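The values are calculated or read from the model by the stated rules, or taken from the named source; none is laboratory data. Given the structure is predicted, the values throughout are model-derived calculations rather than measurements. Cβ placement follows ideal geometry from the backbone for every residue including glycine, while neighbour counts extend to all protein chains displayed.
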Amino acid sequence: MMSAGTASNTVPARAALNVDVRVPTAAAQTAVDQPIAPLTQAAVGGASDGNCTAGVGCPTLDGLGAVGDGANADHEHVVTATMPVRARLLAHLVGALR
């Protein structure tokens, strides 16, 4: 069960996650518990979840979205004049992956 925040599209001050794992033996429970490491706090910038994948060593592309400022704030905005350039950048990247 997960609990976090009081509003959508915001970063909560606190979050909690409880996981119920059922296993047939004590040895299986030890194997399940083994890889679970305590979380540590770290400051990160931006508005990407890419730090989750990059943090575990997965190649991650970031910074391909819209140009703007003020994520989740009253002054949040996108610079519409940059949208065609960003779209071309993404189109070229996807084309290169074929």
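Name the residue that is farthest from GLY65 (Cα to Cα), counting only residues in the range 1-50 that are at pLDDT 80 or above and hydroxyl-bearing (Ser, Thr, Tyr).
So the residue we want is THR25.
Could you grab the pairs with beta carbons closer than 7 Å, sequence gap of 6+ or different chains, first residue in the range 1-24 and free of Cβ contacts under 8 Å to residues at least 12 places away in the same chain, second one exposed (fewer than 10 other Cβ atoms within 10 Å of the Cβ)?
Short answer, once both residue conditions are applied: none.
Applying the selection to the range 56-84, what residues are outside any loop (DSSP other than H, G, I, E, B), surrounded by 10 or more Cβ atoms within 10 Å (Cβ to Cβ) and either without any contact (Cβ under 8 Å) to a residue 12 or more places away in the chain or aliphatic (A, V, I, L, M) (or both)?
GLY68, ASP69, HIS77, VAL78, THR80, MET83
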